[in-house]
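Heads up, the thing below is written out as structure tokens.
Values quoted throughout were computed directly from the atomic coordinates according to the rules given, and no laboratory measurement underlies them. Just so it is clear, the structure is predicted and the values come from calculations on it, not from any experiment. No Cβ is skipped: glycine too gets one built from the backbone with ideal geometry, and neighbour counts run over all protein chains shown.
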Amino acid sequence: MPRIKSPRSHARAFTPNPRQSELLAAVRAQGALTVEAMAERFGVTLQTVRRDVGLLADAGLLARYHGGARVPSSTTENIGYTQRQHLNEQAKRQIARAVARAVPNGSSMIINIGTTTEAVARELLHHKGLRIITNNLNVAAILSDNPECEVIVAGGLVRSRDRGIIGEATVEFIRQFRVDIGLIGISGIEADGSLRDFDYREVKVARTIIEQSRQVWLAADHSKFNRPAMVELAHLNQIDTLITDRAPPEAFTPLLAEANVQCVVAE
């Protein structure tokens, strides 16, 4: 019997171009936008916007309605890893450079799962005297090329789709350490200040990283604001520093101030 290719397989293969990434971020920031508003904002035709929205909707990144697009209602599954690697690449590089500039040589760090944290690992390749604990095999592979960096890999279940290590064994392993900086990525920051992700096993590990870190740094690009996800990981008041690529939406300004979070916008 011939193998039927599922729509989800097609979604994983789609990588938005820069304009589509900007459009996606704009819809996430507003919750919903009309086709006319998007065309005016990006200086393109209605036909171009409809085509972009169609591609993003087919990939599961947006939901279409008559005359516009909105944030998908599903909060249960993240975007495919390969697609996330290419989504907002420039923003992730900006964030990664800002994080690397702030990390002193001779620091101890725990780095968790995510394409943004992997971008940070690449920017740490010339640091000296780092001791890195990670539950991300991609981070470990990147930083193993730095002879001045000691890399410690957590034990546990390897998640095949992105080489993240998760589970109770991972939690217990990380509890052995107390580090200078815990660097975490996130899938979404909601308007109530909650930090959210999709896999409860990954969330349990990230919570432990927060507990075992003297300072907690959150690296999140602009698309993460107002993005829903199923599992609550933490709250902004558990974070010391947020590093992002754009000023957060206005609604987050009082939340960050109340939580006493230092917000660094990477240039």
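Dipole check for the chain: with +1 at the C-beta of Lys and Arg, -1 at the C-beta of Asp and Glu, and the Cα centre as origin, the magnitude is about 740 Debye. Normalised by the number of residues in the chain, the mean separation of alpha-carbon contacts (under 8 Å, six or more apart) gives a relative contact order of 16 percent.
In nm, what is the difference between 0.36 nm times the number of residues separating TYR200 and ARG19 and their Cα-Cα distance?
On the way: separation 181, 0.36 × 181 = 65.16 nm, distance 3.25 nm.
Separation in residues times 0.36 nm, less the Cα-Cα distance, equals 61.9 nm.
Between LEU157 and ARG175, the distance separating the two model label sites (each 7 Å from Cα on the Cα→Cβ line) works out to 1.8 nm. Springs between Cα atoms under 10 Å define the GNM used for the chain, and in it the highest mean-square fluctuation of HIS127, HIS66, HIS222 occurs at HIS66.
Highest mobility in the GNM of the chain, judged by mean-square fluctuation with C-alpha springs under 10 Å and restricted to ALA257, ALA26, ALA121, is found for ALA257.
Per-residue ellipticity at 222 nm from helix content only, as computed over the chain with -39500 (n - 2.57) for each DSSP H run of at least four residues, stands at -11000 deg cm²/dmol.
Charges on Cβ only, +1 for Lys and Arg, -1 for Asp and Glu, centred on the Cα centroid of the range 96-255; of ILE186, GLY167, VAL153, which one is farthest towards the dipole's positive end? Comparing the listed Cα positions along the dipole, VAL153 ranks first. Each Lys and Arg Cβ is given +1 and each Asp and Glu Cβ -1; about its Cα centre, the range 115-238 then shows a dipole of about 100 debye. Note on THR45 and ALA32: the model spin-label points, each 7 Å out from Cα along the C-beta direction, lie 2.8 nm apart.
A Gaussian network model of the chain, with springs between Cα atoms under 10 Å, assigns the largest mean-square fluctuation among ASP221, ASP52, ASP192 to ASP192. Look at the alpha carbon pairs under 8 Å that are at least 6 residues apart: their mean separation over the length of the range 155-231 gives a relative contact order of 36 percent.
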